[in-house]
Amino acid sequence: METYTLRDGLTVPKIGFGTYKLNGAHGVQVIDSAIDRGYRLLDTAFNYENEGAVGEAVRRSSVPRSELLISSKLPGRHHTYAEAINTIQESLYRAGLDYYDLYLIHWPNPKEDHYVEAWQALIDAQKLGLIRSIGVSNFLPEHLERLNKETGVLPVINQVELHPYFNQQAQRDYDQAHGILTQDWSPLGRASEMLQNETLKEIAAHYHKNVGQLILRWELQLGTLPIPKSSTPSRQAGNMDVFDFEISAADMATINGLSQVDGRLNNQDPAVYQEF
C-alpha cells in the first residue's frame, strides 16, 4: 500500500475503508474482512452509531492496533467546547480504544456557528493524547480560513464529497496550497448509476480494469485519499488493486470533464447544510 505523509508527520495509506451503515455483528464481520484484505485506515463517525463495531473488529483482528489507523467524527449537536470534549471521550469508550488516530469535525454547521470552539476542543484533545491527528469534514475555504485566523491551527485532512460528477477542483486546490490532504467520501458516487457510465466504462476497458477501479485510480492521481465501502470480499480486494496502472493525462481530463457545478449527490452544500 502506498502512503501519504500528513503535515504533522502521520503516515496514512492512500486508500481507506468506509464503514457507514456497517453495524452490529454483520458490520464487525465486514470490517474484519476489510482488514484481512489489507485495509489499514478505517473511517467511522459518532453519527454512524458503529464505533463499537469498528472497535470490536480491531480487537478481533490479528493485525496489531499500532498498525491500524482509526478515524471518527464529531457530530454537529456536540460542537460546544465542553460537549465536544465529552463526546470525543465517549467515542473512545464506545470503540473501546485508548486513542483515535484521526478525529474530524463532521460538518461545520455554520448557522449554529460553534465550529471554531469544536475545533479548539479537538486541538486540546490532541494535547491530552486522545487523538493523534485532527481534521475536518465538509469544510469550505471560508471555514478553514476562520479556523486558522482564530486558533492558528489548520487541519491536516479535509474529508469532502468527491467523485467524477463532482471533482472538487477549487477545494482541492485550496487544501493542497495549505498543506491539507483532501479525503473523499462517496468516492464512487451513486455506484449503481456511476458504474454504468458509458464514458467511464470505455476508459476502464482500455486499462483492463472495472469502473470502480478506474475511479479510485483517478482519485489517487488527483492526490486525494478515497474511502470506498464494500461488504463483498472480492470487491474489497478489487478496490485495492489500483496501484499497477496509470491513467493518461488525456483520460484524466475526460473524467474531470464529467464534473458538474451541481454534482453533489444530495445537494449538501456546507455553506448552508446542517447535520446534527
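Every read-out reported here was derived from the displayed coordinates using simple, explicitly stated rules and does not represent laboratory data. From a predicted model like this one, the values you see are computed outputs, not experimental measurements. Backbone-built Cβ (ideal geometry, glycine too); neighbour counts: all protein chains shown.
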Loop-located GluC sites (Glu not before Pro) in region 1-104 whose Cβ has at most 14 other Cβ within 10 Å (DSSP): Glu2, Glu49
Ellipticity estimate at 222 nm from DSSP helix runs (n ≥ 4, -39,500 (n - 2.57)) divided over the chain, nearest 500: -12000 deg cm²/dmol
Length-normalised contact order for the chain - Cα pairs under 8 Å, 6+ apart - percent: 19 percent
Highest GNM mean-square fluctuation, the chain, Cα pairs closer than 10 Å: which of Leu258, Leu102, Leu225? Leu258
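A 28 angstrom limit on the alpha carbon distance is what I want to check against. Which of Lys149/Lys229; Lys209/Lys229; Lys73/Lys111 exceed it?
Details: Lys149/Lys229 35 Å; Lys209/Lys229 18 Å; Lys73/Lys111 19 Å.
Check vs 28 Å cut-off fails for Lys149/Lys229.
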Specify which residue in the list Gly129, Gln236, His78 is farthest towards the positive end of the charge dipole of the chain, using unit charges on the beta carbon of Lys, Arg (+1) and Asp, Glu (-1), about the Cα centre. Gln236
Taking only the alpha-carbon atoms of region 119-276, the convex hull volume per residue, in cubic angstrom, is 143 Å³
Write down Rg/Rh for the chain, rounded to two decimals, with Rg from the C-alpha atoms and Rh from the Kirkwood relation over Cα pairs. 0.95
Write down Rg/Rh for region 204-270, rounded to two decimals, with Rg from the C-alpha atoms and Rh from the Kirkwood relation over Cα pairs. 0.99
What percentages make up the Cα-Cα pair-distance distribution of region 45-118 when the bins are 10 Å wide from 0? 20, 49, 23, 8, 0
Size of electric dipole in region 151-276: Cβ of Lys, Arg +1 and of Asp, Glu -1, about Cα centre, debye, nearest 20: 240 debye
For the chain, built as a Gaussian network whose Cα springs stay under 10 Å, the top-fluctuating residue of Ser71, Ser133, Ser33: Ser33
Gaussian network model of the chain, springs between alpha carbon atoms under 10 Å - residue of Pro155, Pro141, Pro164 with greatest fluctuation: Pro141
